[in-house]
Amino acid sequence: MTLTSASSTDQKKTILITGATGGIGRANAARFAEEGFNIILLGRSKEKLELIYEELEKSNPGKTLIHPFDFTTANADDYKILAAAIDEEYPCLDGLIHNAGLLGTLAPIEHYSEESWEKIITVNLNAPFRLTKTLLPSLSRSRDARIIFVSSSVGRAARAFWGAYGVSKFGLEGLMQTLAAELGKTTKIKVMSVNPGATRTAMRRDAYPAENPADVPTPESLMNAYLYLFGEEGRALHGKAINLREINTKNQIKISN
């Protein structure tokens, strides 16, 4: 499957965003396109991707490419096809934001479904590993690339009943640190993890059904922080675990220990 575009692309920065059909990923897509980035959007639903594509083409034509991609079923060839399509369209990739994720059942480990466990680890941890590995050659050609792993507070301090989701986020933190150590002196790629904090998404609603969504900040409220990470100041945050909501207007950043 090839990337779908309405018009030719320019030489501005290009980023790939997973989980782009909803929540933070969709907000990423809208804001980065508005800021002039070329964006490549991955998501499971072709129909949802096409709707987002149509919306973004009206406001920011020629910035968006879409590529339906299901991490639960993708094989090695699917990743290679994606990388080849990106290489055909762009000289390099300047950013990779790993938003895609599954929550799964909140249950004790003793009663956790093995099938659910494997599916969540596949999407939340194995897929970011495989996608990053596949796209590293393109990212390495950039003069100032970023790899951002979207983590969680439960990936930094364990919480009962969060099962595979929490464990997968711990794994992402380890993957981030390992990549940062490997790439820091050999490439210009900067790697970091971000904890968005409480955000008004479908996943948050599933995890906290009794919560009033109106009391929870929107994904759009995080976008200035994401742009900061892609800016010049973001270079200094290589290898750091960042709490996104603590990037404030004075650019003060709190880093997790």
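The values are calculated or read from the model by the stated rules, or taken from the named source; none is laboratory data. What you see is a predicted model; the values in this text were computed from it and never measured. Note that each Cβ is placed from the backbone with ideal geometry, even for glycine, and that neighbours are counted across all protein chains shown.
A few comments on the model shown:
- Residues of region 72-105 classified as of a type outside the set (S, T, N, Q), more than 19 Å from the chain's Cα centre (by Cα) and part of a loop (DSSP other than H, G, I, E, B), total: 2
- The set of residues in region 208-226 that are loosely packed, with under 15 Cβ neighbours inside 10 Å and among the hydrophobic types (A, V, I, L, M, F, W, C) comprises Ala210, Ala214.
- Entry remark, region 78-91: residues being crowded, with 17+ Cβ neighbours inside 10 Å, within 23 Å of Arg143 (Cα to Cα) and in contact with a helix residue (DSSP H, G or I) (Cβ under 9 Å, 6 or more places away or on another chain) number 4 in total.
- Hey, Leu103 out of contact with any Gly (no Cβ under 8 Å at 6 or more places or on another chain) and crowded, with 22+ Cβ neighbours inside 10 Å or not: no
- Hits in region 1-44 - residues which are hydroxyl-bearing (Ser, Thr, Tyr) and modelled with pLDDT of 95 or more: Thr14, Thr18
- Qualifying residues in region 202-217 (those that are within 16 Å of Gly23 (Cα to Cα) and in a loop (DSSP other than H, G, I, E, B)) - the one modelled with the highest pLDDT: Pro217
- Counting the residues of region 151-165 that are of a type in the set (D, E, K, R) and under 17 Å from Ile109 (Cβ atoms) gives 1.
- Those helices (runs of 4 or more DSSP H) lying entirely in region 108-195 with at least 2 residues surrounded by fewer than 15 Cβ atoms within 10 Å (Cβ to Cβ) and charged (D, E, K, R): 114-121
- Residue match in region 71-87 (condition: modelled with pLDDT of 95 or more, more than 18 Å from Ala202 (Cβ to Cβ) and among the hydroxyl-bearing types (Ser, Thr, Tyr)): yes
- Of everything in region 218-257 that is part of a loop (DSSP other than H, G, I, E, B) and at pLDDT 80 or above, the residue that is farthest from Asp144 (Cα to Cα) is Thr218.
- Filtering region 75-92 to residues that are small (Gly, Ala, Ser) and touching a residue at least 60 places away in the same chain (Cβ under 8 Å) leaves only Ala85.
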